[in-house]
1. Based on the Cβ-Cβ distance of residue 39 and residue 193, what FRET efficiency does E = 1/(1 + (r/R0)^6) give at R0 = 45 Å, to the nearest 0.05?
2. Just by accessible area at a 1.4 angstrom probe, what is the order of 44, 138 from largest to smallest?
3. Please calculate how many Å² of accessible area the chain carries per residue, with a 1.4 Å probe and no DNA, RNA or ligand atoms counted.
4. What length, rounded to one decimal in nm, is gained on full extension from residue 186 through to residue 87, with 0.36 nm per residue of separation minus their alpha-carbon distance?
5. Once amide H atoms are built 1.01 Å from N in the peptide plane, which residues 5 or more positions from residue 292, or in another chain, come under 5 Å H to H?
6. What ranking of 212, 57, 31, 94 comes out by heavy-atom accessible area, probe 1.4 Å, highest first?
7. Quick one: which residues, 5+ away or cross-chain, put their amide H under 5 Å from the amide H of residue 31? H built at 1.01 Å from N.
8. Rank these residues by their accessible area, most exposed first, probe 1.4 Å: 90, 15.
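The values are calculated or read from the model by the stated rules, or taken from the named source; none is laboratory data. Fair warning: this is a prediction, and the values are worked out from it, not measured in the lab. Cβ placement follows ideal geometry from the backbone for every residue including glycine, while neighbour counts extend to all protein chains displayed. Heads up: the accessible areas ignore ligands, DNA and RNA and are worked out on the full protein's heavy atoms, side chains in. Shrake-Rupley method; radii C 1.70, N 1.55, O 1.52, S 1.80 Å.
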Amino acid sequence: MIIIQMAGGLGNQMFQYALYKQLISMGRTVKMDDEAGFKEDVQRNPALAAFGVTYEKASRREIIEMTDASMAFTARVRRKLFGRQSRSYFEESKRFQPQIFEWDNVYLEGYWQSEKYFPDVTELLREELSLESVRKNRENGYGLSAQAESYLQQMERGVSVSIHVRRGDYLLPKNQELYGNICTEQYYEQAVRIAAERYPGCTFYLFTNDGKWAAEQLKKHSGFPIVQIELPGEKDYETLILMSRCKHHILANSSFSWWASYLNDAPDKLVIAPEKWLNGWDCTDVYRTDMVRVGAEA
């Protein structure tokens, strides 16, 4: 059996779920642990329910056995004498690790941010993680708000380009070393210019957790029409769905906008991504062949 730990925000959970579906398609016995990864991350929680997807959950006993975490006296003594016999594996590299498809009897911790981890379930994922799935799930308290539906109609009438600007937690000192100076003002200025030149008359839709800064910077540099998305309740799934329904995309170095552009199955879509994904890591495999990479400097 393989257990995949769910952790992080909606985008990262989609990567973990995608690996789960790939392994299931290969006939493997796979379960999800959707508790441990959120115990010390109080701002996050399992977020896939909005799409109505289900997965088999690992039991507490199965997780304890796989990670050698029993608090029984004999287990603690054994660990003290002989060390922990955990079968957990923490993703040590951001590169695609094909050997993962051969493993068994393992507890997987990581984000698995590459489409190479789910090559056989693309259409299934696009069907499950879709606007239609959310709408069908309205009876369970999900669906789109009236404001989101209004934005959606605007996007589908014209040539819409999503812009994702993520700041917030990315600006914390502990995160700057990893995320800093990648999606700069110059990156967005270049990206907007590329999209506007390719699609004259397009409208940009701004998705951000720092609306004041993003709107000021983009309007100052671009001079193109920008609609700032503002939704009640700050529902991540609603934001991601709207972003995915734009015809073209300008990404942040974020799994959230990665998935929004992935769920758009238009063959002629423009997807602009930052030249670098993370500082200090080789993230070659996060990029898809449909992405145009743009640097952080003008």
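1. On the way: r = 44 Å, r/R0 = 0.98.
Rounded to the nearest 0.05, the efficiency is 0.50.
2. Working: 44 80, 138 120 Å².
If we order 44, 138 from most to least accessible, we get 138, 44.
3. Values: 14760 Å² over 298 residues.
Using a 1.4 Å probe on heavy atoms only, each residue of the chain averages 50 Å².
4. Working: separation 99, 0.36 × 99 = 35.64 nm, distance 4.49 nm.
Answer, rounded to one decimal: 31.2 nm.
5. Long-range HN contacts for residue 292: 271, 272, 273.
6. In descending accessible area the options line up as 212, 57, 94, 31.
7. Those lying under 5 Å, H to H, from residue 31 are 2, 3, 4.
8. Working: 90 130, 15 0 Å².
Largest accessible area first, the residues go 90, 15.
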